[in-house]
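K.L.:
Once you've had a glance at the structure underneath, I'll fire off some questions.
The values are calculated or read from the model by the stated rules, or taken from the named source; none is laboratory data. For clarity, every value in this text was computed on a predicted model and none was experimentally measured. Neighbour counts run over all protein chains shown; Cβ positions are idealised from the backbone, glycine included.
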Amino acid sequence: MKFGTIRQTVLIGAAPLEVYEAYVDPKQHAAFTGQAATGSPRVGGKFTAGDGYISGKYVELQKGKKIVHLWSTTEWPEGYPQSRMEIRLRPKGEQTELTMVHSKVPKEQLEYYAEGWKEYYWEPLKKHFAKG
């Protein structure tokens, strides 16, 4: 098994707590992605996103500051463990700097997921908060 890591940093036009809530609250998550999400935003809580395409479990939550969860998709190679996703949020003027480190991603899917985070998460999240 070969793995890789995706690192991305984006600026979102909202306060860190707002970005945090949009990511972990299933209703808000569904609102910005346009796809069904479920879950319980607590350590040990499980979640799904992308109409069931993504599933995982929260392992660390610091309101408005940090989200860590285990994560995989329905296209995950058989036998591979879940990846680890860490999101850090910090204020940057009127915006939030979101830094994501997605590790233990199957090497053959690295590029696909790197683009997917931008297209299905960060750009829609920016638009969600730009609407006010």
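K.L.:
Check the range 14-26 and report whether any residue there is loosely packed, with under 14 Cβ neighbours inside 10 Å, among the β-branched types (V, I, T) and over 17 Å from E123 (Cβ atoms).
P.N.:
No, the range 14-26 contains no residue that is loosely packed, with under 14 Cβ neighbours inside 10 Å, among the β-branched types (V, I, T) and over 17 Å from E123 (Cβ atoms).
K.L.:
So, one more: Which of the residues that make up the range 1-13 are crowded, with 17+ Cβ neighbours inside 10 Å and touching a Ser or Thr at 6+ places or on another chain (Cβ under 6 Å)?
P.N.:
Passing the criteria: only I12.
K.L.:
If you don't mind, another one. If you take the residues in the range 1-32 that are in contact with a His (Cβ under 9 Å, 6 or more places away or on another chain) and among the polar types (S, T, N, Q), which one is farthest from S72 (Cα to Cα)?
P.N.:
This residue is Q28.
K.L.:
Please pick out the residue among L125, L70 that is touching a Phe, Trp or Tyr at 6+ places or on another chain (Cβ under 6 Å), buried (at least 16 other Cβ atoms within 10 Å of the Cβ) and under 17 Å from V24 (Cα atoms).
P.N.:
Answer to the check: L125.
K.L.:
From G44, G56, which residue is at pLDDT 95 or above and not in a strand (DSSP E or B)?
P.N.:
G44
K.L.:
Return the residues of the range 1-41 that are small (G, A, S) and not in a loop (DSSP other than H, G, I, E, B); say none if nothing qualifies.
P.N.:
G4, A22, A30, A31, G39
K.L.:
For the range 77-122, which residues satisfy the criterion of being among the β-branched types (V, I, T) and surrounded by 18 or more Cβ atoms within 10 Å (Cβ to Cβ)?
P.N.:
I87, T96, V105, listed by residue number.
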